[in-house]
Structures are given as C-alpha cells and as structure tokens.
1. Which net charge results when you count Lys and Arg as +1 and Asp and Glu as -1 among the other residues whose beta-carbon is under 13 Å from that of K41?
2. For the pair Q36/Y10, report the inter-label distance in nm, with labels modelled 7 Å from Cα in the Cβ direction.
Amino acid sequence: MHLLASLGPYADFILASYGLVAVVVLGLIAWIVIDQRHQEKTLRDLETSGITRRSASRGGEPS
C-alpha cells in the first residue's frame, strides 16, 4: 500500500509535522555538540591559565 494513501487525507500535515520535528531534533543535537566543544575548550583554557576545578582538590570524590 502506498504511504500517502495509508495516511489518509491528513498525509501532508503528518509528513510536514514529522519533517519539522526531525529538523528541530537535529538542530538541538547540533547545538549540544557545538556547546560541548565550546565548554571543553573554555575549561582547557582555564586549566592552562592555572585555574582548576574545586572538585579536583578533593580527588574528585563526592562529599
């Protein structure tokens, strides 16, 4: 059975909705990856300049 025929009269709306959701989810994933790289670079720069994380002084163990 053809996909559009099986979705009925609202096939255009359904496919557009799925397409929009896919674009939004991919955009969020890209944003997270870009932000992670930025945060890691910032952390490396701070550690290079001598600023360390407070958790590093306790050996990284939770209190």
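1. Working: positive: R37, R44; negative: D35, E40, D45, E47.
Neighbourhood net charge equals -2.
2. Distance between label points: 3.6 nm.
Readers should treat all values here as calculations from the given coordinates under stated rules, not as data from a laboratory. What you see is a predicted model, and the numbers here were worked out from it, not measured in a lab. Glycine also receives a Cβ, built like all others from the backbone with ideal geometry; neighbour counts cover every protein chain displayed.
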